Amino acid sequence: MKTLQVDLGARSYPIHIGRRLLGSEPLLSPHIVGPQVMIVSNETIAPLYLDKVLAGLGKYQCHAHVLPDGEQYKTLDVLKTIFDELLGRRFDRTATLVALGGGVIGDMTGFAAACFQRGVPFLQIPTTLLAQVDSSVGGKTGVNHPLGKNMIGAFYQPRCVVIDTDTLSTLDDRQLRAGLAEVIKYGIIRDPALFTWLEHNIGSLLARDASALAHAIEQSCRNKAEVVVLDEREGGLRAILNLGHTFGHAIETAMDYQGWLHGEAVAAGMYMAADLSVRLGWLAASDQKRIAALLEKAGLPLVPPPLPRDRIIELMAVDKKVQQGRLRLVLLKGIGEAVVTADYGADHLRATLATYFEA
Ligand code: NAD
Ligand code: GLY
């Protein structure tokens, strides 16, 4: 097992990465404050892994709340069912919430923990590659609103993250590839050595080689932890973690969160950010080709499905990186060098959007 530390003073926490860690009492119980534990999961993951977690937490009064599966359920209405259950079962402010699932479950459970009785501890047990390399670390929690993705939420750090890489064995190939999009992201924004390693090892990752996956997860969590420690509440630097996300979130929202996975939308978004960066003369065309080749080798899409450009522009305008009416984007000056800027010129952005979206 490898353990990384997210150093945030009183809110510091460990990320444990390894095999057979699910429900490990020695890893989980130091972070559980009182006797009451609510495990939040979904109808796909619970039959696979809930029993193992319950077995590890046998000494606590555990209750499992099982949500429907899907990004379309990441809503205030479904979030309310967690509060209904907590209050109906007389959970008090010593309760601990445990997120067992992918990014949807992690984001919703974290937000519920941030709000319930003004904040109770929560633990992350991420079960998708995307959640293991990204969403379980860093404390962004929340739900979607019909007018925008992740628009209602809070920064609220977990007390620990336990990554059992064995859970990836039941994840389908498409979800694995979607998680790889976020791994590739770290290489593009700040870790050129990771990018080169991925160019050589993407085949092993797709073949689910255990040591390659462990390396990719560890390097991703290290990159994410380093950025979060420098800028926990996204005053500046942390926004680089959103490479491709402004385009990607607009694609996802325009598709009603159905049809494409988050990681797929991010992949196409990263390619569009590279396209815009090349138009600006900031990124070499050869680097854009390396990015395209790696995304394609990972089985990820480069271009979005046909979507109306006006709708995409409208959705991009409600991005959380809009400041005083100006949309800031994460763009590239090279592989390993990202910038967050509103100085890209509206014409260049229009040209990129015209290339990938319908009139
Ligand atoms: P997800 O949570 O919807 O999980 C994907 C699918 O895999 C679901 O059907 C789920 O039930 C299933 N699944 C999960 N683990 C499994 C396993 N081990 N075996 C078989 N099936 C399994 O999607 P995701 O890709 O994990 O996360 C996407 C969400 O994460 C989005 O809502 C996105 O906004 C959010 N996100 C948050 C952050 C953050 O910093 N908080 C970062 C990136 C993404
Ligand atoms: N996934 C983007 C962030 O955590 O900031």
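Nothing in this text is a laboratory measurement; each read-out follows from the coordinates by a stated rule. Keep in mind the model is a prediction, meaning the values are calculated, not measured. So basically every Cβ, Gly included, is an ideal-geometry build from the backbone, and we count neighbours across all protein chains shown.
How fast does the stretch 249-359 diffuse by Stokes-Einstein, in µm²/s, taking the Kirkwood radius from C-alpha pairs at 25 °C and 0.890 mPa s? Calculated translational D: 171 µm²/s. Helical content alone sets the calculated 222 nm signal of the chain at -13000 deg cm²/dmol, taking -39,500 (n - 2.57) per DSSP H segment of four or more residues and averaging over every residue. From largest to smallest, the equivalent ellipsoid semi-axes obtained for the stretch 316-359 from the alpha-carbon gyration tensor read 18, 16, 9 Å. Centre-to-centre separation between the Cα atoms of the stretch 62-125 and those of the stretch 315-336: 30 Å.
Taken about its Cα centre, the chain carries a charge dipole of roughly 640 debye when the Cβ of each Lys and Arg holds +1 and the Cβ of each Asp and Glu holds -1.
Dipole magnitude for the stretch 141-243: about 300 debye, using +1 per Lys or Arg Cβ and -1 per Asp or Glu Cβ, origin at the Cα centre. The largest-to-smallest principal axis extents of the Cα set in the stretch 137-242 are 37, 29, 29 Å. For the stretch 189-328, the spherically averaged projection of the C-alpha convex hull amounts to 9.4 nm².
Axis of helix 103-115 versus longest Cα principal axis of the chain: the two differ by about 60°, to the nearest ten degrees. Taking all Cα-Cα distances within the chain, those exceeding 33 Å account for 25%. In terms of surrounding Cβ atoms within a 10 Å radius of their Cβ, S286, S29 rank from fewest to most as S286, S29.
Give me the one-decimal Kirkwood hydrodynamic radius in Å for the stretch 210-265, with the sum taken over alpha-carbon pairs. Hydrodynamic radius (Kirkwood, Cα only) of the stretch 210-265 equals 13.1 Å. For the stretch 191-271, a crude dipole built from +1 on the beta carbon of Lys and Arg and -1 on the beta carbon of Asp and Glu, taken about the Cα centre, is about 80 debye to the nearest 20. Once the Cα atoms are used to define both axes, helix 210-230 deviates from the longest principal axis of the chain by about 80 degrees. If you wrap the Cα atoms of the stretch 1-143 in a convex hull and average its projected area over all directions, you get 7.9 nm².
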